[in-house]
Amino acid sequence: MFSRSGYQALPLGDFDRFQQSSIGLYGAQKGFFSFGAKADPLGPAMNAADSSQGWLSWICHGIITSLVFLLMLLTFPISGWFALKIVPTYERMVIFRLGRLRAPQGPGVVLLLPFIDHWQRVDLRTRAFNVPPCKLISRDGAVLSMGADVQFRVWDPALSVLVVKDLVAATRMTAQSAMAKALGKKSLREIQGEKLRIGEQLLLDINDMTKSWGLEVDRVELTMEAVLQPPRDALLGPLGAVAPALEGSPPQLAAHLLNSTPSAPEADSVGTVSEVEPPRRRPSAVELLSAVEPILSEALVSQVGASYQVDIILPGGARSTFFIDLSSGSGRAGCGVPQGSPDVVLEVAEEDLQELMLGELRPLAAYMSGRLRVQGDLQLALRLEELFKAVKLHR
């Protein structure tokens, strides 16, 4: 239903809105020579402004094109290697002759005039790119890390060359802005449950903006990397259910508090009271980093291949520095600064490092939420997730 937007390519030779009338050998597809001028859709004002230069340009274009074509005939055995181009079925060739656009050529053998023809190949096959994960805020206040996979194809080669310079970059920015606008109107539950429907609507919105570029988006698939912050209702917790009952007169408020107060156990009732388990103590960052060295191996070094300096911010404000060298051998870890310059410098709070080491927080989510600061290559920093997985399995 949404796979095609109904665009139709312009017929070959119908590009008069992009060029003035021209003369010359192979100058148009309607004949060997092209004389006369057609009505310019730009209007009479533009025609009056260009009337003084029309004949001069017409004569110069014809003379130069004829001379170049004659020169190519005289040197044909040699010039044929440069003038004849083979265009496959999945491509079209957009040619500018003396700066004027000609109809897209191909498939098959295309004749180019040396020195005066500038050409560009346009691939008509379906291409794909990904929209990198970005922070988005939903309607209920949740902060999400959302990306997308987009597939598109060119349906008008001339427009794709004339209107936009970089198709992939322009379409990626358009898809990212459309995704932020659409998801800002949805709640977290709607986004999680209606990703396919939202992707179909995004496809139509993106096509409305890119149809003038000569390309059509065929598929949009949303990908949710992480929920960086839950919605406001989830942050309220149990208080959200109590809040409606707190609205009312003082007697109603007192009755609600008395009814919600847990009753004391009766004196003559006999029962067992289970002991409350004390909360488990989370290992400190020093203990977690000391557990890293036993799991270092050559296999882990081959997966990561980088050295790290970890600056830990302790609860009192002090700082501790550790290093994890996974660049050679079986790897090393310890206190202090690594030998030589580290590939990546990480700065993280102790409680966030505990969540990272225990597998409760992913490095990408920590980085996008600002809980993990990276100096250096981000891709190398994200490879530490392999180390965190090994620590979790070892525990």
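Observations on the structure shown:
- For a modelled paramagnetic label at R127, 7 Å from Cα along Cα-to-Cβ, the residues of the stretch 145-169 in reach, with backbone nitrogen under 20 Å, are 148-169.
- A simple spin-label model places the labels of V168 and H118 2.3 nm from each other, with each point 7 Å out along Cα-to-Cβ.
- Taking every alpha-carbon pair in the stretch 61-148 and binning the separations at 10 Å intervals from zero gives 14, 31, 19, 10, 12, 9, 4, 0 percent.
- If the chain linking Q192 and R319 were pulled fully straight, counting 0.36 nm for each residue of separation and taking away their Cα-Cα distance, it would gain 41.8 nm.
- Here the peptides 110-123, 346-359 are ranked by packing, the mean other Cβ count within 10 Å, and the order with the highest first is 346-359, 110-123.
- Inter-site label distance for A291 and L56 at 7 Å from Cα along Cβ, in nm: 8.3 nm
- Descending semi-axes in Å of the stretch 124-171, equivalent ellipsoid built from Cα gyration tensor: 30, 11, 8
- For the stretch 303-378 and the stretch 149-220, distance of Cα centres in Å: 37 Å
- Potential lengthening of the chain between L84 and S328 amounts to 82.4 nm, from the contour at 0.36 nm per residue minus the alpha-carbon distance.
- Paramagnetic reach from I64 in the stretch 102-136 [backbone N under 18 Å; point 7 Å along Cα→Cβ]: 102-103, 112-120
- For the stretch 91-138, the equivalent ellipsoid built from the Cα gyration tensor has semi-axes of 36, 14, 8 Å, listed from largest to smallest.
- Calculated SAXS-style log₁₀ I(q)/I(0) at q = 0.13, 0.19 Å⁻¹ - the stretch 285-395, Debye, Cα scatterers: -0.41, -0.95
- Sites E221 and L74 - FRET efficiency at Förster radius 56 Å, r taken between beta-carbons, to 0.05: 0.50
- The stretch 131-188, accessible surface, carbon-and-sulfur percent (1.4 angstrom probe): 58 percent
- Residue-span extension gain [S341 to L111] - 0.36 nm each, minus C-alpha spacing: 77.1 nm
- When all protein chains stay in place and ligands, DNA and RNA are ignored, the 1.4 Å accessible-area order of L196, L159, largest first, is L196, L159.
- Förster-model FRET efficiency, 35 Å R0, L358 and K185, C-beta, rounded to 0.05: 0.45
- Taking the charge dipole of the stretch 99-155 about its Cα centre, with +1 at Lys and Arg Cβ atoms and -1 at Asp and Glu Cβ atoms, the residue from Q105, M146, P133 reaching farthest to the positive side is Q105.
- Mean separation of Cα contacts under 8 Å, 6 or more apart, over the residue count of the stretch 128-185: relative contact order %: 40 percent
The values are calculated or read from the model by the stated rules, or taken from the named source; none is laboratory data. Quantities reported herein were computed from a predicted structural model and do not represent experimental measurements. As a convention, Cβ positions derive from the backbone with ideal geometry for all residues, glycine included, and neighbour counts pool all protein chains shown. Accessible surface is based on the protein model in full, side chains and every heavy atom, while ligands, DNA and RNA are left aside. Shrake-Rupley method; radii C 1.70, N 1.55, O 1.52, S 1.80 Å.
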